[in-house]
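Asker: Before anything else, here's the structure in question.
Where a number appears in this text, it was derived from the coordinates with a stated rule and is not lab data. Owing to the predicted nature of the structure, the values given are computational and were not obtained by experimental measurement. No Cβ is skipped: glycine too gets one built from the backbone with ideal geometry, and neighbour counts run over all protein chains shown.
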Amino acid sequence: MNGTAHVAIGAAAGFIVANHYQSSPAITMLLVGVGGISGLIPDLDIDGKLRNKITLSHKVIQAAALLIGMLMIVYSIFEGVANKRLLGIAIGLAMIIGSSFIKQKHMLTITGVGVLVGGISHQELWLVLLGIYILIASFVAHRSYTHSILGVIFFGIIASNLEGSLGIEGIYYTCLSGYISHLVADSKFLPFNKRGIKLFLPLSSKEI
């Protein structure tokens with residue numbers, strides 16, 4: 001199922017939760033948006049709409065690393081002394097060479113690290129856990145762990161902490177229902193899906 005459909009189903013889940021809690025119009029809109037995003041979260045393990053929205057272009061990071069590397073070399077040559085000069089030049093060269101190896105697929109990993117650091121800095125557990133989730137998603141195969149019961153449990157913990165942090169009733173159930181709706185929509189239970197999901201990883205890799 002495509003990303004637009006996942007967003008629509010997740011948003012509908014958010015609306016249902018908002019209606020259940022008789023939320024105000026502003027909170028209803030928030031829950032609809034959170035539901036739509038949650039409906040896309042499992043697909044962070046593949047290049048898709050949400051992944052492209054939360055990551056910068058790799059060319060930006062390449063350019064920054066290249067510029068910093070060049071400045072470090074210049075600074076080391078004119079301002080460095082003895083061993084520090086050689087070390088600075090070596091680090092600068094490493095950054096210039098390393099920048100050429102940065103690809104778009106690495107950007108989600110970099111984003112995960114950024115979210116993790118931000119969570120630690122602001123002492124927000126849900127943000128720390130989200131950073132860990134993003135990091136895991138950047139390394140696993142598509143429709144594997146993010147599409148499993150483990151993924152549901154982990155995202156549920158993130159959602160629980162997010163609701164506690166925001167103090168908005170319904171966030172937890174919106175996130176969880178949006179996430180689960182994605183897994184249901186990608187399962188073989190629906191006749192138009194040629195592939196299923198590995199719901200019981202790591203115990204079983206059978207697609208359902």
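Asker: Rounded to the nearest 0.05, what FRET efficiency do residue 142 and residue 59 have when you use their Cβ-Cβ distance and R0 = 25 Å?
Answerer: It comes out at approximately 0.55.
Asker: Give the dimensionless ratio obtained when the Cα radius of gyration of the stretch 134-195 is divided by 2.2 N^0.38 Å.
Answerer: Relative to the 2.2 N^0.38 Å estimate, the stretch 134-195 comes out at 1.26.
Asker: Another question, if that's okay. Equivalent ellipsoid semi-axes for the stretch 58-99, as square roots of 5 times the alpha carbon gyration tensor eigenvalues: give them largest first, rounded to whole Å.
Answerer: 21, 9, 4
Asker: Right, next: Between residue 29 and residue 124, what FRET efficiency follows from the Cβ-Cβ distance if R0 is 30 Å, with the result rounded to 0.05?
Answerer: E between residue 29 and residue 124, to the nearest 0.05, is 0.85.
Asker: For the ranges 178-185, 113-120, what's the packing order if you count other beta-carbon atoms within 10 Å of each residue, average per peptide, and put the highest first? Walk me through the numbers before you get to the answer.
Answerer: Working: 178-185: 22.2, 113-120: 15.8.
Highest mean packing first, the order is 178-185, 113-120.
Asker: Mind checking the full-extension length gain between residue 106 and residue 149? Use 0.36 nm per residue of separation minus the Cα-Cα distance, one decimal, nm.
Answerer: 12.9 nm
Asker: A follow-up question, please. Calculate, for residue 157 and residue 192, the FRET efficiency according to 1/(1 + (r/R0)^6) with r their C-beta to C-beta distance and R0 41 Å; round to the nearest 0.05.
Answerer: Calculated transfer efficiency: 0.80.
Asker: If you don't mind, another one. Grab the Cα-Cα distance for residue 165 and residue 203, subtract it from 0.36 nm times how many residues apart they are, and report the gain in nm with one decimal.
Answerer: Extra length available between residue 165 and residue 203 comes to 10.4 nm.
Asker: Using DSSP to call loops (not H, G, I, E or B), can you name the chymotrypsin sites (Phe, Trp or Tyr not before Pro) in the stretch 61-146 whose Cβ has at most 13 other Cβ atoms within 10 angstrom? Before the final figure, lay out each step's value.
Answerer: Values: sites: 75, 78, 101, 126, 133, 139, 145; in loops: 101.
Answer by residue number: 101.
Asker: Let me ask another. Determine the shape class of the stretch 73-208: with a ≥ b ≥ c the square roots of the Cα gyration tensor eigenvalues, call it rounded for a/c under 1.5, and otherwise prolate if a/b is greater than b/c, oblate otherwise. Mind dumping the intermediate values first?
Answerer: On the way: a/c = 3.99, a/b = 1.91, b/c = 2.10.
Judged from the Cα gyration tensor, the stretch 73-208 comes out oblate (a/c at least 1.5, b/c at or above a/b).
Asker: List every residue whose amide H lies under 5 Å from the amide H of residue 197, counting only residues 5 or more places away in sequence or on a different chain, with H placed 1.01 Å from N in the peptide plane.
Answerer: Residues meeting the criterion, in which the H sits 1.01 Å from N, are 188, 208.
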